[in-house]
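Here is the structure we will look at.
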Amino acid sequence: MQKLAALSSQDSNYRLSIEELMKFHYARAEWSKFFAYAQYYRKNFSPDSQSRVALLEPLALLRHCQYEILMPLVSSMRKKHPRWSQELDQVMALANTRFDGKATSSPEGGALKLHAEGRTLWKTDADIIDRKRDKIHPRHISIKVANKCD
Amino acid sequence: MISLGFALLLIAADDPAELDYGEVFFEETRGRELPKFNLGVAYAAGVSNSFLDLHSVVANGQVRVWRYISTGVLGHFVHSTYSEAGQEVNTLNNSGYIVRYPTPRWGVFSHSQIDLMLGRWNILNLTTIQVDLLVGGGVGLLQKRNDLNGPSHSEVSYLWSAEQRFQVHDLAGFSLGGFGHAGGVFLEAGLFANLF
């Protein structure tokens, strides 16, 4: 995964590397890294070039019960990706139900754990992930999203 | 029912590319670890003895053993003279009183430090100053004299230290701090270099 994260934005496999890293962090429930990659992917690749991996973002928001963010995201994705209407309908249906396993656990640990791992976080503006893909790589970004599930 | 805020969010986020959420952080990995090797040299003045002026040089070599913990050796070399008060009290020797001023000569200590805090300041975009607070301790050998010109002897002594490092360059900076052992308490000011 380190080699994937080291790929240059000029590399022909750059988009694929971002997609693989999205899946990797989603599978490991590393949400702060996943949301960084997910927002970067949505903002920096045209809708026509995006794969179904983009659907992981609304799924992750669903699992955090972040409905106020999920609704506008799904609404906009319907317009940009009409081919995904069925999947987005399923996401919205799940948003209105309760079931075991919906809420995610958050094994990332607290601030002290991050500190012990040698990871230092500096608060920055949301627009650091900009449309210019070569501005910054998402491996340098963490986006914390609160888990609002009971 | 859709709340007003929710409706505004819908309008504002018509383009999914523009939808921002969450708290965004720039993540730095292993950027604030102690350097692998650090060497510091400082001038230290004794502050715990009113009858002696203690001027000394202290050298501290540290090797990182874990991200925020280092260990190494500290050497301390002291030059002692009578202070004004000491000279006055020393005149009691002429009256039959025996006045002695135990003074440290040199010491060598094992010294381990832990990095507690980090601050970074951007100075007008010209340079960055990184500040670390390190506390440490150890044990070692201290050679002392019973008196300024008396016989010397060695003893085991503790060591404690507190140091504030100001790194003005990737490889170097200056430090202020204090330390103490069985020979007294000292305040120090000096320079350090990160060798690797």
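Taking the residues in region B:44-60 that are assigned to a loop (DSSP other than H, G, I, E, B), within 22 Å of the chain's Cα centre (by Cα) and surrounded by fewer than 16 Cβ atoms within 10 Å (Cβ to Cβ) as candidates, determine which candidate is modelled with the highest pLDDT. Among those residues, the one meeting the criterion is B:Val47.
The helices (runs of 4 or more DSSP H) falling completely within region A:1-67 that include 1 or more residues that are over 22 Å from A:Asp89 (Cβ atoms) and either among the small types (Gly, Ala, Ser) or open to solvent by less than 60 Å² (accessible area, probe 1.4 Å) (or both) map to A:2-5, A:14-27, A:31-44.
The single condition among (1) more than 12 Å from chain B (Cβ to nearest Cβ); (2) without any contact (Cβ under 8 Å) to a residue 24 or more places away in the chain; (3) charged (D, E, K, R) that A:Glu68 does not satisfy is (1). Here the condition is being closer than 30 Å to B:Trp160 by Cβ and either open to solvent by 100 Å² or more (accessible area, probe 1.4 Å) or over 21 Å from the mean Cα position of the chain (by Cα) (or both); of B:Arg120, B:Arg105, it holds for B:Arg105 alone. When B:Val78, B:Val63, B:Val41 are checked against the criterion of being open to solvent by less than 30 Å² (accessible area, probe 1.4 Å) and modelled with pLDDT of 95 or more, a single residue qualifies: B:Val78. For region B:19-30, indicate whether the set of residues that are more than 16 Å from the chain's Cα centre (by Cα), of a type in the set (Ser, Thr, Tyr) and buried (at least 16 other Cβ atoms within 10 Å of the Cβ) is non-empty. Scanning region B:19-30 turns up at least one residue that is more than 16 Å from the chain's Cα centre (by Cα), of a type in the set (Ser, Thr, Tyr) and buried (at least 16 other Cβ atoms within 10 Å of the Cβ). Got at least one residue in region A:77-90 being in contact with a Phe, Trp or Tyr (Cβ under 9 Å, 6 or more places away or on another chain), of a type outside the set (A, V, I, L, M) and modelled with pLDDT of 90 or more? Among the residues of region A:77-90, at least one is in contact with a Phe, Trp or Tyr (Cβ under 9 Å, 6 or more places away or on another chain), of a type outside the set (A, V, I, L, M) and modelled with pLDDT of 90 or more, which makes the answer yes. None of B:Ser157, B:Ser175 is more than 21 Å from B:Arg67 (Cβ to Cβ), modelled with pLDDT of 95 or more and of a type outside the set (A, V, I, L, M, F, W, C) except B:Ser157. If only residues of region B:63-85 that are aliphatic (A, V, I, L, M) and out of contact with any Phe, Trp or Tyr (no Cβ under 9 Å at 6 or more places or on another chain) are counted, the one that is nearest to the other protein chains (Cβ to nearest Cβ) is B:Ile69.
The values are calculated or read from the model by the stated rules, or taken from the named source; none is laboratory data. In this text the structure is predicted, and so the values were computed from the model without any measurement. Reconstructed Cβ throughout: ideal geometry from the backbone, glycine too, with neighbour counts over all protein chains shown. Side chains are part of the model used for accessible areas, which takes the heavy atoms of the whole protein and leaves out ligands, DNA and RNA. Shrake-Rupley method; radii C 1.70, N 1.55, O 1.52, S 1.80 Å.
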